[in-house]
Structures are given as C-alpha cells and as structure tokens.
1. Based on DSSP loop calls and a cut-off of at most 15 other Cβ atoms within 10 Å, the longest stretch of chain A free of exposed chymotrypsin sites (Phe, Trp or Tyr not before Pro) is what?
2. Suppose the chain between residue B:74 and residue B:38 were pulled fully straight at 0.36 nm per residue; how much longer would it get relative to their current alpha carbon spacing?
3. Placing unit charges on C-beta atoms (Lys and Arg positive, Asp and Glu negative, everything else neutral), compute the dipole magnitude of region A:22-165 about its Cα centre in debye, rounded to 20.
4. List the pairs from A:37/A:88; A:88/A:132; A:121/A:171; A:26/A:171 whose alpha-carbon separation is above 24 Å, in the order I gave them.
5. Per residue of chain A, what 222 nm ellipticity follows from adding -39500 (n - 2.57) for every DSSP H run with n ≥ 4, rounded to the nearest 500?
6. Among A:150, A:1, A:145, B:34, rank each residue by its count of other Cβ atoms within 10 Å, from fewest to most, as a rough exposure measure.
7. Which of A:110, A:174 comes first, and how do the rest follow, when ranked by fewest Cβ neighbours within 10 Å?
8. Full extension from residue A:12 to residue A:59: what is 0.36 nm times the residue separation minus their Cα-Cα distance, to one decimal in nm?
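Please treat every number below as a calculation from the coordinates, not as lab data. Keep in mind it's a predicted model, so treat the numbers as computed, not measured. With ideal geometry, Cβ positions are generated from the backbone for all residues, glycine too; neighbour counts draw on all protein chains shown.
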Amino acid sequence: MEDHEILAKFREPASRNLAFNQLVRKYQQRVYWHVRKMVIDHADADDLTQDVFVKVWKHLANFRQDAQLFTWIYRIATNECLSFLQSKRRRFFLPLNDVGAELAAKLAADPAVAGDEIELKLQRAILRLPDKQRLVFNLRYYDEMPYEQMAEVTGTSVGALKASYHHAARKIEDYVTNADHETPSTGEVD
Amino acid sequence: MKTPFRLEDHPRRWPQPLSSPPTGYFEQLPTRVMARVAPAAPRPRPLAWLLRAPAALRTGLASTLLLGTFAASLWLGGAPLAPPTAPTASLDGVPPAQLVEYLTSGETHVDLLDLAELPAHHLGITKQYLQPSATELRAALDAQPADEAGLL
C-alpha cells in the first residue's frame, strides 16, 4: 500500500486502525534496525521501536505531506534514540566512555559479530563515534540513504552531512587499522 | 607493516550487521503496537452517573449527605436530645425536711424569690415531691429572716 493511501485511510475513523497496521508492517523493520544499530541491545530496540510507532500514531493526523512519510518516521526514531542515549547518561551520571563501553560489551556478546574479528573491530570503531555522527554514518553506510533524505531526517544541511560522514569513515578506518595497537576499551571520541 | 583498513574494501554486512531479533518478532510487533495505541476500554466508574447528573441534583444530594452526616454525628456522639427521666423523678426519694433544709441553706444559689416564682409558673410542680406538713411549713417560715417574710 502506498503512503498516500495509508494516510487517506488513516484519516477515516473506520479504517484508521487498519491503515496504521499497514504502516507498522511496512516500516517496522527499517525503524527497528535503525534503532537497533544505535542502541545495540534488542530489548532496548524493541521498547524504542514501539515508542516510535506510538508517537507516529499520536501525531500522524498532523503530518504535513511536505516531507516523505518514512523520513518523518525516521526523524521520530532518530530523536527517540538520541533522547534514550542522552537520558541513559544523565540518569546514571555516566561519562561518555562508560555508555560506549556498555554498548561495546553488548556488541561483543552479539553472536553475529563475536566470531568475526574484523567485523567486531569495525562495530567497535562505529561505537566510538559521537551519537549524531554514528547516526549519520549508519544512515549512509548501512541504509544507503541519499544525503537529501538524511538532511530531512537529521535537520542538517547536506554539506555538513557529507563532511560528517567522511570524517566518521576516516576515523573508523584509522581505528580498525590501528586497533591491534590500541587499548581494547571503547567509547566515544570526537 | 600494517595493512590499511578501507571501508569500501570491507564486505558490508547486509542487510544488518547485528544478530536478528527472535523468530516471529516482526510478525508480533504490529499486534503489540496496535494494543498500545488502541483506546483503552472505559472502565466502569461507580460514581460516573453522578458526574452526568444535573447540577441541581448534585447540590441536593450533597446537602442531604451533609445534613445526614450532621444528624448522625449528633445521634451517635452528642448529648441525648431529651433527658431520660424528669428532673423530679430523682427527688421523689428525698425526705421533705432535707429538701427544705437544702433550699433554705445559704450555700445554694436559690433564694426565696426563686422559690416564690417557681410555683407561680409551674403550678403544682411541688406536689410531686414536696408534701410538707403544716408544722414543717410553719417551722421553715419562722426560721426565715423577718425582712424577707413579706415575699411569701
């Protein structure tokens, strides 16, 4: 079902639930993985994904179609992730490196990554990026999102996004290249 | 010499680098989301009818409840509304001589004027408990000071 059909059905009270169910089915995997790459842990990603769709439900009636539906949903998901990570640091008075280390520990326990040394180094390097830069990297590298859409999602200019991505890629390459000579601890770096 | 790592040479994990969620997760997620967004069924509220009642009815009920509470507090904890027995009942067993002695003694705050007015307002009230003989009356009157005798 196309987005405009979903939106039209959502505006009708009789078909609102059906339309929203279709919307969740259409975007759930993209939202889940977008969130999961940011918070690493499945349980956290599950909670946040549900929260994202609850927010979409609450505000969909006010959605203006000057943006694509999925970039609008991505934007909500992005804000949820950043708020989650920020509140986690604030709640436990944790320094940046401690949250990064916690995420790295969860990453190391992930069976899909644990057995692949290079992949583990790559994921650790990604985790060392600041949250917003990590977000930009994920959108571009894994989701292959065009910069114009990324600009809609992040509210950042295309030029700034390109610079941020290339800066992130260089830091990751440097880290993986020199990982054997660095301490194994992970955390965010500027 | 270290081999430089380059992202474009690294096989990218597709579609995602992390382990998949539990089996059936994406089949169940829409149901769970819909359960959260569906409006909760209204729970029966015992006093909901009161909120829908007209203002006059609510005011009346509140007044009745207030009066009822006041009456109940009086009935349960306050003084009895009526004395269980008449004041004369406890005087029946007192000998007349002691009554006269009490009433005419200087320790009471009852003077002869009070004694003169009481029978005038409540005729026969003393018949229930005061049956003095002529001798007793005479003796009592003789014992009074001469200047108050004219009041009787």
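1. Numbers: sites that count: A:63, A:93.
It works out to A:94-190.
2. On the way: separation 36, 0.36 × 36 = 12.96 nm, distance 5.18 nm.
Fully extending the segment from residue B:74 to residue B:38 adds 7.8 nm.
3. On the way: 21 positive and 18 negative charges, 76 e Å.
That gives a dipole near 360 debye.
4. As for pairs spanning more than 24 Å Cα to Cα, those are A:26/A:171.
5. Computed ellipticity for chain A at 222 nm equals -24500 deg cm²/dmol.
6. Details: A:150 24, A:1 12, A:145 21, B:34 16.
With the sparsest Cβ surroundings first, the list reads A:1, B:34, A:145, A:150.
7. Numbers: A:110 17, A:174 14.
Arranged by neighbour count, lowest to highest, A:110, A:174 become A:174, A:110.
8. Values: separation 47, 0.36 × 47 = 16.92 nm, distance 1.50 nm.
Extra length available between residue A:12 and residue A:59 comes to 15.4 nm.
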